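The values are calculated or read from the model by the stated rules, or taken from the named source; none is laboratory data. Keep in mind that what you see is a predicted model, and the values were worked out from it rather than measured. Note that each Cβ is placed from the backbone with ideal geometry, even for glycine, and that neighbours are counted across all protein chains shown. Please note that ligands, DNA and RNA were not included when accessible areas were found on the heavy atoms of the full protein model with its side chains. Shrake-Rupley method; radii C 1.70, N 1.55, O 1.52, S 1.80 Å.
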Amino acid sequence: MRFNLTAFHARYKDLQVSQFVAGTGGASSMTVNAGKSTYTGVEAEVLAQPVQGLTFNASLGYVDRKYKTFMIRDSKTNELINVANEARFGYSASTTISAGAQYETSIADVGTFLARLDWSYRSRVYFHPLDRLNPFNQGMSDGPAGRFDARVALSDIDLGPTKATVALWGKNITDKKYLYSGIDFGSLGFAGVIFAEPATYGVDVKFAF
């Protein structure tokens with residue numbers, strides 16, 4: 001068994017953030033100087049091989065992110081104000097978890113058999129940093145989401161002058177519905193989201209000469 005644990009604390013100055021803004025004159029994406037922020041977190045990983053050929057792995061990540069300053073111009077007063085207490089970190093989950101199991105064994109005169117199952121999870125994500133500029137931001141945020149991926153393969157198949165690998169794989173095999181991205185058009189009165197790929201299956205065939 002192997003176990004790794006890491007704790008970290010990082011401070012950023014002049015952190016640049018992409019901000020999508022829409023208005024009567026059209027929509028645009030701009031890069032703003034958000035100012036100062038801190039990241040404090042922990043990461044843990046474990047790998048275990050209880051018997052030959054069988055492997056388990058898992059990881060956990062958590063980060064507490066805070067803006068110290070996030071300056072924007074108030075449209076009413078035309079003055080710079082600090083909105084650090086309400087700004088979010090876009091496209092970034094505070095908690096991520098993954099786990100997997102793999103079994104691999106040699107089959108005489110046939111090849112190497114491998115079966116693997118993976119699970120990944122992430123907590124809620126927001127797609128824009130400020131609700132005041134993107135009024136649909138809260139409603140279009142995506143809640144916690146987890147997905148399963150699987151793979152079964154037979155490799156090192158001896159075909160004389162070449163060796164082959166045949167694999168059957170599936171991504172998001174439980175067909176979990178979750179979001180990949182979103183755009184809030186604000187004052188235009190609507191927002192749009194893009195869903196992540198649904199359950200997907202395939203077959204790979206490879207030859208090594």
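For a Förster distance of 35 Å, can you work out the FRET efficiency between the beta-carbons of D149 and L80, rounded to the nearest 0.05? Approximately 0.15, to the nearest 0.05. Each residue was assigned an accessible area with a 1.4 Å probe, and for M71 the value is about 80 Å². Measuring nothing but protein heavy atoms, the accessible surface of the chain at 1.4 Å probe radius is 57 percent carbon and sulfur. Between Q102, Q52, Q16, the residue with the greatest mean-square fluctuation in the GNM of the chain (Cα pairs under 10 Å linked by springs) is Q52. For K36, the lysines whose Cα falls under 22 Å of its own Cα, not counting residues fewer than eight places away in the same chain, are K13, K66, K68.
Using bins of 10 Å that start at zero, the share of Cα-Cα pairs per bin across the chain amounts to 7, 23, 25, 20, 14, 8, 2, 0, in whole %.
Averaged per residue, what accessible area in Å² does region 75-137 show with a 1.4 Å probe, protein chains only? Result: 57 Å² of accessible area for each residue.
In summary, the aspartates and glutamates within cross-link reach of K206, defined as a Cα separation below 17 angstrom excluding same-chain residues under 8 places away, comprise D156, D158.
On full extension, the segment bounded by K36 and L159 gains 38.3 nm, given 0.36 nm per residue less the C-alpha separation. Extending 7 Å from Cα along the Cβ direction at Y62 and again at Q49 yields two label points whose distance is 3.1 nm.
Suppose R0 equals 25 Å; then what is the FRET efficiency for A101 and K206 from their Cβ-Cβ distance, rounded to the nearest 0.05? Here the calculated transfer efficiency is 0.60.
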